[in-house]
Amino acid sequence: MSQYYPFFTFVLIAVFFWMLLIRPARRRQAQLKETQSSLEYGTEVMLGAGIYGRVVGFDENTINLEVSPGTTMKVARAAIVRVVEPPANDDV
């Protein structure tokens with residue numbers, strides 16, 4: 001039985017590595033892909049470079065963003081990292 005301890009140790013380390021690193025990365029990647037594929041007109045987004053804009057047009061691989069009134073940019077869909085939620089109006 002003691003001859004199998006190194007094998008079991010290796011398997012436990014591999015499972016631990018997978019649970020802590022690989023699985024969360026896959027989950028984040030799937031969530032990002034879902035965000036990029038579910039964009040609609042008027043959605044405010046943030047690019048990986050920190051540029052904010054509103055979606056005014058799109059096709060399969062690119063998005064047209066209005067970054068200021070009258071100024072649009074054509075960017076790769078993969079550059080979008082998150083959808084910006086409008087701030088809540090809490091009148092306190």
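Rule-based calculations on the coordinates, nothing more; no lab input. Keep in mind the model is a prediction, meaning the values are calculated, not measured. For neighbour counting, all protein chains shown are included, and Cβ atoms are generated from backbone atoms with ideal geometry for every residue, glycine included.
A few points about this structure:
- Sparse packing (at most 10 other Cβ atoms within 10 Å of the Cβ) combined with a DSSP loop state is found for the following chymotrypsin sites (Phe, Trp or Tyr not before Pro) in the chain: Tyr41.
- Assuming charge only on the beta carbon of Lys and Arg (+1) and of Asp and Glu (-1), the dipole of the chain about its Cα centre is about 600 debye to the nearest 20.
- Helix 23-37 axis, angle to the chain major axis (alpha carbon atoms, nearest 10°): 20 degrees
- Since only Leu32, Ala76, Gly57 are under comparison, the one whose Cα sits farthest along the positive direction of the charge dipole of region 2-83, derived from C-beta charges on Lys, Arg, Asp and Glu, is Leu32.
- Seen from Leu47, the other residues with C-beta closer than 15 Å to its C-beta sum to a net charge of +2, counting Lys and Arg as +1 and Asp and Glu as -1.
- Degrees, to the nearest 10: 5-17 long Cα axis against longest axis of the chain: 10 degrees
- Between the labelled values (1) 1.73; (2) 1.03; (3) 1.12, the entry that holds Cα Rg over 2.2 N^0.38 Å as derived from this structure is (1).
- Expected 222 nm ellipticity per residue - DSSP helices of 4 or more, -39500 (n - 2.57), all of the chain, to 500: -10000 deg cm²/dmol
- Total formal charge among the other residues, if their Cβ is under 14 angstrom from that of Glu60, Lys/Arg +1 and Asp/Glu -1: +2
- The region of the chain that goes longest without hitting one of the GluC sites (Glu not before Pro) in a DSSP loop, each with at most 12 other Cβ atoms within 10 Å, is 1-39.
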